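Step one of this worksheet: look at the structure below.
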Amino acid sequence: MKKGTVFVLSGPAGSGKSTVREALMSRGLNFHYSVSDTTRKPRAGEVNGVDYNFITREEFEEGIARGDYYEHAKYTGEYYGTPVSQLEPYIESGVNVILEIEVDGAMQVKKRDKNAVLVMLLPPSFSCLEARLRGRGTETEEKIRRRLARARAEVLHFDKYDYFLLNDDDGVEACVRQLEIIAEAQSYRTGNYPDFPTKFFNT
């Protein structure tokens, strides 16, 4: 049986990760979205168990100690992590899994799974990113500056990713189409068919 592939979607705050991921999932393709655990508070409109599993710091740290997380990282002082239960059963059954995670977590996934596909989503320019963050009107100047500093650090990992996508003002549908093309190509990677040689010689 073909194994599924782990797809990591990363990018600075304001790059449009959630929008692109939601558009991809609406296509009804062979993807499971792995809902991450986090210790941060829900934002307006976010639903527990849909956008994130919102848990306490104590619960998260207990999960780390038990080995419950496929990857985990701290971002702006809060924990984020992918539960193993949200990933491995789907991969083994041939379903692709998409993770919307930060660079630190992406590097953990790449180290753990050589067949994982890392995609960095970026706006057309840094000035565009800053305009998007300021346009939200929901964050303090200090928080905006922290996010911009973090974005500079994240983009320095550009060459560690397999693909990048530019999300301009009209680019969500284009990004989704490109992700579909990447997924189609990855479905033919030999690493996704570990039992093929044995089956080939026994047929």
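The values are calculated or read from the model by the stated rules, or taken from the named source; none is laboratory data. Worth saying up front: this structure is predicted, and the values here are computed from it rather than measured. Cβ coordinates were reconstructed from backbone atoms using ideal geometry, including for glycine residues, and neighbour counts include every protein chain displayed.
Can you find, within the range 15-65, the residue that is surrounded by the most Cβ atoms within 10 Å (Cβ to Cβ) among those that are basic (Lys, Arg) and closer than 13 Å to residue 78 by Cβ?
Let us first name the residues in the range 15-65 that are basic (Lys, Arg), namely 17, 21, 27, 40-41, 43, 57.
Add one more test, that the residue is closer than 13 Å to residue 78 by Cβ, and what stays is 40-41, 43, 57.
Values: 40: 14, 41: 8, 43: 9, 57: 10.
Out of the qualifying residues, it is 40.
Out of the range 136-170, which residues are surrounded by 14 or more Cβ atoms within 10 Å (Cβ to Cβ), of a type outside the set (S, T, N, Q) and closer than 19 Å to residue 118 by Cβ?
150, 151, 154, 155, 157, 161, 162, 163, 164, 165, 166
If you go through the range 161-174 one residue at a time, do you hit one that is among the hydroxyl-bearing types (Ser, Thr, Tyr) and farther than 30 Å from residue 44 by Cβ?
For the range 161-174, residues among the hydroxyl-bearing types (Ser, Thr, Tyr) and farther than 30 Å from residue 44 by Cβ: present.
Hey, could you check the range 181-195 for residues that are under 18 Å from the mean Cα position of the chain (by Cα) and surrounded by 13 or more Cβ atoms within 10 Å (Cβ to Cβ) and say which is farthest from residue 9 (Cα to Cα)?
It comes out as 186.
State whether the residues of the range 115-126 include one that is more than 30 Å from residue 63 (Cβ to Cβ) and either exposed (fewer than 11 other Cβ atoms within 10 Å of the Cβ) or among the aliphatic types (A, V, I, L, M) (or both).
Kept after step one, since they are more than 30 Å from residue 63 (Cβ to Cβ), are these residues of the range 115-126: 122-126.
Checking which are either exposed (fewer than 11 other Cβ atoms within 10 Å of the Cβ) or among the aliphatic types (A, V, I, L, M) (or both) leaves us with 122.
Yes, the range 115-126 contains at least one residue that is more than 30 Å from residue 63 (Cβ to Cβ) and either exposed (fewer than 11 other Cβ atoms within 10 Å of the Cβ) or among the aliphatic types (A, V, I, L, M) (or both).
Please list, ordered by residue number, the strands (runs of 3 or more DSSP E) wholly in the range 20-111 having 3 or more residues that are at negative phi and in contact (Cβ under 8 Å) with a residue 60 or more places away in the chain.
Output list reads 31-33, 96-100.
Look through the range 5-28, keep the residues that are in contact with a strand residue (DSSP E or B) (Cβ under 8 Å, 6 or more places away or on another chain) and more than 19 Å from residue 104 (Cβ to Cβ), and return whichever of them is modelled with the lowest pLDDT. Let's see the steps before the verdict.
Keep residues of the range 5-28 that are in contact with a strand residue (DSSP E or B) (Cβ under 8 Å, 6 or more places away or on another chain), which gives 5-12, 15-18, 20-21, 24-25.
Filter once more, so that each one left must be more than 19 Å from residue 104 (Cβ to Cβ): 5, 16, 20, 24-25.
Values: 5: 93, 16: 89, 20: 94, 24: 94, 25: 93.
Filtering the range 5-28 for residues that are in contact with a strand residue (DSSP E or B) (Cβ under 8 Å, 6 or more places away or on another chain) and more than 19 Å from residue 104 (Cβ to Cβ), the one modelled with the lowest pLDDT comes out as 16.
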